[in-house]
Amino acid sequence: MRKIYPLNQNWLFNHQFDPAFNALECSEKDFERVILPHTNHLFPISGFDDRDFQFVSSYRRHIQIPETLRDYEIFVDFEGAMAVARIFLNGRFVCEHSGGYTPFAARLTPHVNWGGDNVLAVELDSSERPDTPPFGGQIDYLTFGGLYREVNLRVVNPLFLENVFIKPRQVLKQDPHLEVLGFLQNSQQVKGEATLEFEVTDGERSVLKHKSRFSLDGNSQQTVQMTIEGAGQLTPWDLDHPHLYQASVTLHSEGVEVDRYPVRFGFRECLFTPEGFTLNGKRIQLRGLNRHQTYPWVGGAMPARVQRMDADILRKEFKVNIVRTSHYPQSPHFLDRCDELGLLVFEEIPGWQHIGDRSWQDISCENIREMIRRDWNHPSIILWGTRINESRDNDEFYARTNSAAKELDDTRQTGGVRYLFDSHLIEDVFTFNDFDPVKLQTPVHPLHLVTEFCGHMYSTKHVDNTERLTEHVRRHAHIQSLAAATRGIAGAIGWCAFDYNTHKDFGSGDHVCHHGVADMFRIPKFAAMVYKAQCPPGEEVVLEPGFHWCLGDKAAAGGVGEAWINSNCDSLKLYLGEDYVGEISPSKDLFPGLPHPPFKVGKELEGIWGERWKPLRIEGCLQGQPVISRTLSERGVDAVLKIQADSFSLNGDGSDATRVWFMVTDEFGNHRNFALGSIQFEIEGPGEIIGDNPFALTGGCGAVWVRSKIGSGPIHLKATHGWLGTHVVTIDVNNEFHESL
Ligand code: GAL
């Protein structure tokens, strides 16, 4: 029977590479012991040399494979090895894989030393090799290097299920059903009678069952198709109720169970139509953000909890309904969480503007197959991106990528992100990066989605003045409003969610693109609140002033000048201290497409000097009743250091991690964006800090991540700010875990 053994601990890593490191025996004294996910280099937050991750390194892992497994197939599954990996077992070459964003399986079986020690060696080239996507030109992001996602050892029978695809069919019609494809590998090419049993469970309850008999045809690969009726009783997956089912496919050969393959899926229909995007027949205005998967210091090398947290931030904190995985397939953990939260996903192949030669294109086509075969059961994914982001037309290549997607998955439409409006449409949906801050292109194709806007046209930092942060808010609100109000546009996905590290040719000269509605620590700027405020007040009442309450650059007029408040209230009442100064309404005239347009403040807060310079209180009302209130201090004092962990409990496996973010606030909890000082950390217990220590504040906020060690017990993270005191955050580490092989 199928067994999965995590292989993340006990790796040996060397920054250097020597062919001798691929051998069964070599001196390991210069190797350091590491745990995956692993980055081949630790970076500062910004201002580093982007060549520092570009080298060939070596990883080795000793694996004890018991004699009892001799009759089985042994694979090692790599979730992500950046960028080109050559795998060896016991000195013998196993396989090579190109592309750091898609998984691959290394079949070890023929080379295993049964009952003894085995050495798995990975020669990992993390340089920007021009023969491999996304490289060859210049890209506006960094790939970083290392075995930065998880690795598992998989033990299966020689006859096993390599993959399963559950396709929802006729979801809204008379005969809703599932079409299930079981992809069999039959390495000994046996013939005979077999069955596939399919079962869907909802929690403990079995809700659908089906059994198919078939003959093993003796080929090494065979696909078995099943039609499962009765899907009408399944609860559909949608954004408010992202109902997920657990299914299993069990393979019997000659009456003996040989494999059982678990899959999670959702029952739903997604379709771009000329009227917009529909989920289960209901039109949904797509409002979202692009996400890069990288973090400060470690690039992409963050574990499941941290990857999942990004989906939580996007869906629960920023309330967007779609994310584009720009510009590559992202962590399966992130996608799992999108499924659980009802966050739609547009996933695309690796690349940026550059198309390489024929063999580069072959790798790209392979990457698309790997992406789709990995992710086809995620109900959150509604569109495959089959074009290199913003590349020029290449009809032959894109006919290949597009048909690769269609052949594998006939349930989803395709898109291909472009910036040339007159480019040929080979895919279904015209997915277009529209950076004009004033207007959007009028669609010429029936299915049109804006996949980027704003970004480099208007980068922002927490330390920017109110005018700039205000304009950032306006631009996001304006384009989202236009997209919603323009017939034929399914929605808009802003550039971007989080600031990210990049090459010297992009960004602000510090190797950072400050294009996010949140910074690299995922701490929101005001523009993120445009998105948040679009949720119905029944879900959460939002009241987010888009300015700091200070005289600032508009001192001549007093107050903040013209600024925005993002809220889903009907009206806002403004008070200076106890003095009522006015009531404002959402700016429906400026942002007619938004359900909850920002509120403009201006003249109400003009000329506020001397005696009138008091705390600003904003009261949000729904149907005339006050439901929420915020007070902003006028004192200009950095009063409080707020510090908070996203999770207070970690697994003791040496890789689990949580963000611990901090922010200097006024006495009412409002971000003090010019606050300085540094935070000194001390850590006790089974954990370590990923991040700067001491941490020098800029923008009055920041974060570190705390990673567990293999062990258990409490971690005490003590944070001391020069004049805002000491705080202790306690995080429990449970489930001490040692890998068994
Ligand atoms: C786009 C590109 C993105 C990013 C963005 C910056 O042209 O697709 O990857 O570079 O510009 O605004």
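Seen from all directions on average, the stretch 537-636 presents a Cα convex hull projection of 6.5 nm².
Protein heavy-atom surface of the stretch 543-632, 1.4 angstrom probe: 50% of the accessible area is carbon and sulfur, with nucleic acids and ligands not counted.
For 580, 72, 295, the ranking by accessible surface with the largest value first comes to 580, 72, 295, using a 1.4 Å probe. Compute the label zone of residue 716 within the stretch 668-687: residues whose backbone N is under 11 Å from the point 7 Å along Cα-to-Cβ. Residues 683-685 qualify, since their backbone N sits under 11 Å from the label point. For the chain, the longest principal axis of the alpha carbon atoms and the long axis of helix 358-375 meet at an angle near 80°. The C-alpha atoms of the chain define a longest principal axis, and helix 466-485 lies at about 60 degrees to it. Database remark: amide H of residue 571 closer than 5 angstrom to the amide H of 621 (H placed geometrically; neighbours at sequence offset of 5 or more, or on other chains; Pro and chain starts carry no H). Working note: Cα gyration tensor of the stretch 440-529, eigenvalues times five, square-rooted, sorted largest first, giving semi-axes of 26, 15, 10 Å. Considering only 248, 89, 633, and ranking their Cα positions along the charge dipole of the chain that arises from unit charges at the beta-carbon of Lys, Arg, Asp and Glu, the one farthest toward the positive end is 633. Report, in degrees rounded to the nearest 10, the 0 to 90 angle that the Cα long axis of helix 332-341 makes with the longest principal axis of the chain. Approximately 60 degrees, to the nearest ten. Among the trypsin sites (Lys or Arg not before Pro) in the stretch 2-66, those located in a DSSP loop and surrounded by at most 12 other Cβ atoms within 10 Å of their own Cβ are 29, 51. Summed over the residues of the stretch 641-689 and divided among them, the accessible surface reaches 37 Å² per residue at a probe radius of 1.4 Å.
For trypsin sites (Lys or Arg not before Pro), the sites in the stretch 582-685 that DSSP calls loop and that have at most 15 other Cβ atoms within 10 Å are 588, 635. Diffusion of the stretch 116-218 by Stokes-Einstein, at 10 °C in a medium of 1.306 mPa s and with Rh set to the Kirkwood radius over alpha-carbon pairs, works out to 83 µm²/s. Using only side-chain charges placed at the Cβ, +1 for Lys and Arg and -1 for Asp and Glu, the dipole size of the stretch 543-632 relative to its Cα centre rounds to 80 debye.
Per-residue extension of 0.36 nm, minus the Cα-Cα distance of residue 189 and residue 728, leaves a gain of 188.0 nm for this segment. Of the three principal axes defined by the Cα atoms of the stretch 278-532, the extents in descending order read 50, 41, 39 Å. Around the Cα centre of the chain, unit charges on the Cβ atoms of Lys, Arg, Asp and Glu (plus for the first two, minus for the last two) sum to a dipole of about 900 debye. Each part reduced to its alpha carbon centroid, the stretch 306-383 and the stretch 52-124 end up 25 Å apart. Taking only the Cα atoms of the chain, the radius of gyration and Dmax are 26.9, 91 Å.
Projecting the Cα positions of 327, 419, 520 onto the charge dipole of the stretch 278-532 (unit charges on Cβ atoms of Lys, Arg, Asp and Glu, taken about the Cα centre) puts 520 furthest along the positive direction.
Over the stretch 2-156, the reciprocal of the mean inverse Cα-Cα separation, the Kirkwood hydrodynamic radius, stands at 15.9 Å. Checking every one of the chymotrypsin sites (Phe, Trp or Tyr not before Pro) in the stretch 631-735 against DSSP loop status and a limit of 14 other Cβ atoms within 10 Å picks out 648, 723. Maximal additional length on extending the residue 422-residue 233 stretch stands at 63.5 nm, based on 0.36 nm per residue less the C-alpha distance. Net length available on complete extension from residue 246 to residue 648 is 141.9 nm, with 0.36 nm assigned per residue and the Cα-Cα distance removed. Between residue 3 and residue 114, the modelled label-to-label distance comes to 1.4 nm, taking each label 7 Å out from Cα in the direction of the beta carbon.
The values are calculated or read from the model by the stated rules, or taken from the named source; none is laboratory data. Keep in mind that what you see is a predicted model, and the values were worked out from it rather than measured. For neighbour counting, all protein chains shown are included, and Cβ atoms are generated from backbone atoms with ideal geometry for every residue, glycine included. To get the accessible areas, we keep the full protein, side chains included, count just its heavy atoms, and leave off ligands, DNA and RNA. Shrake-Rupley method; radii C 1.70, N 1.55, O 1.52, S 1.80 Å.
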